[in-house]
Amino acid sequence: MANTAKELSIYNRVWVYSKTEAEQLKSVSKGAVATKMKMGTVITEGGVAKQYTSILTSRENITVPDSIIVIEGDIRTVKFTEPIAM
């Protein structure tokens with residue numbers, strides 16, 4: 001399979017959402033000092049803010065079976081917020 005320059009870029013990232021991973025993050029935050037976990041959000045190409053649970057360097061790094069790719073692109077240009085423990 002031929003790799004494109006986009007796939008080989010050190011700046012290319014994949015934002016994914018997984019319900020399983022979201023539940024794991026929330027359960028871990030319950031045991032910590034923080035009482036709530038706010039998921040990170042990413043602005044999609046259509047201008048819609050969507051939640052994500054992980055930022056990965058490639059599609060091959062997706063390990064949770066129920067993961068959905070929210071957006072893929074250059075981390076320098078994609079608008080996103082980090083998850084916050086509240």
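Each reported figure results from applying straightforward, stated rules to the coordinates on display, with no laboratory input. Predicted model only: the values in this text are computed from it and were never measured.
A few comments on the model shown:
- Candidate aspartates and glutamates for bridging to LYS19, where Cα separation is under 16 Å - those fewer than 8 sequence places away on the same chain excluded: ASP66
- Length-normalised contact order of the range 5-85 in % [C-alpha pairs under 8 Å, at least 6 apart]: 47
- Stretching the chain fully between ILE69 and LYS36 yields a gain of 9.5 nm (0.36 nm per residue, less the alpha carbon separation).
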